[in-house]
Amino acid sequence: MKNGIAILIFLGIVIVAFFYMSPVTPAAAEEQVADMTEHATDHATEHSAEADLDGQVEEALTKMESGELPPMQAILAIKEIADNNPGHVKSNFTLGVMSMQTGQYDKAVERFETVLESDPENGQVWKFLADAQLRLGDTALAKENFAKAIELVDESTAEAFKEELPQLESIN
């Protein structure tokens, strides 16, 4: 009987030691899955938020074009998006183009530079930036940025750019 109790105690100690020393992978695995899910959710949310902001800009532009929203209110709505989301490409690009249309070239330069921080390979934006700088009289920087635009676009677009801003082609 003493042997039976000793064996039970020994087995109990072995079982306790086994559970104590066994790896805690289920919790670690759960933590890894939670981290991966959180990362994927953050990325999807980020992409979804960007698409939502793009949609808000489009909505403001559509309402302005239809006359449902006065131009200044549409501009303020887009500006609010840009102010709340400083790196948002579509709102800053739209405000840059509108600044060009209203002769506010210094503001256009700021907006296009903001866009290029997020999208430095966008030849169209480099061209707009060069145009704004040219209108501000900064021909050296305009020519430099125009050259970047030409490098980043296809050949037919590059030819169209050269026709739009011929004065930059002739500057040494």
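What is the set of long-range amide H partners of residue 87 at a cut-off below 5 Å, with H atoms built 1.01 Å from backbone N?
Under 5 Å from the amide H of residue 87 lies no amide H from a residue far enough along the sequence or on another chain.
Under a point spin-label approximation (7 Å from Cα along Cα-to-Cβ), what is the residue 141-residue 102 distance to one decimal in nm?
That separation, rounded to one decimal, is 2.1 nm.
Enumerate by residue number the GluC sites (Glu not before Pro) in the stretch 68-172 meeting two conditions: DSSP loop (anything except H, G, I, E, B), and at most 13 other Cβ atoms within 10 Å of the site's Cβ.
Numbers: sites: 68, 80, 110, 113, 117, 121, 144, 151, 155, 159, 163, 164, 169; in loops: 68, 121.
For GluC sites (Glu not before Pro) across the stretch 68-172 that sit outside H, G, I, E and B with at most 13 neighbouring Cβ atoms in 10 Å, the list reads 68, 121.
Residue separation times 0.36 nm, minus the C-alpha to C-alpha distance between residue 48 and residue 157: what's the value? Mind showing how you got there, number by number?
Details: separation 109, 0.36 × 109 = 39.24 nm, distance 3.09 nm.
Fully extending the segment from residue 48 to residue 157 adds 36.1 nm.
Over the residues of the stretch 83-172, compute the C-alpha Rg and express it relative to 2.2 N^0.38 Å. Could the numbers behind the result be given before it?
Values: Rg = 12.5 Å, N = 90, 2.2 N^0.38 = 12.2 Å.
Ratio of Rg to 2.2 N^0.38 Å for the stretch 83-172: 1.03.
Just grab the label-to-label distance for residue 167 and residue 83, each label 7 Å out from Cα along the Cβ direction, in nm (one decimal).
3.3
All of the numbers you see were taken from the coordinates with simple rules; none came from a lab. Just so it is clear, the structure is predicted and the values come from calculations on it, not from any experiment. No Cβ is skipped: glycine too gets one built from the backbone with ideal geometry, and neighbour counts run over all protein chains shown.
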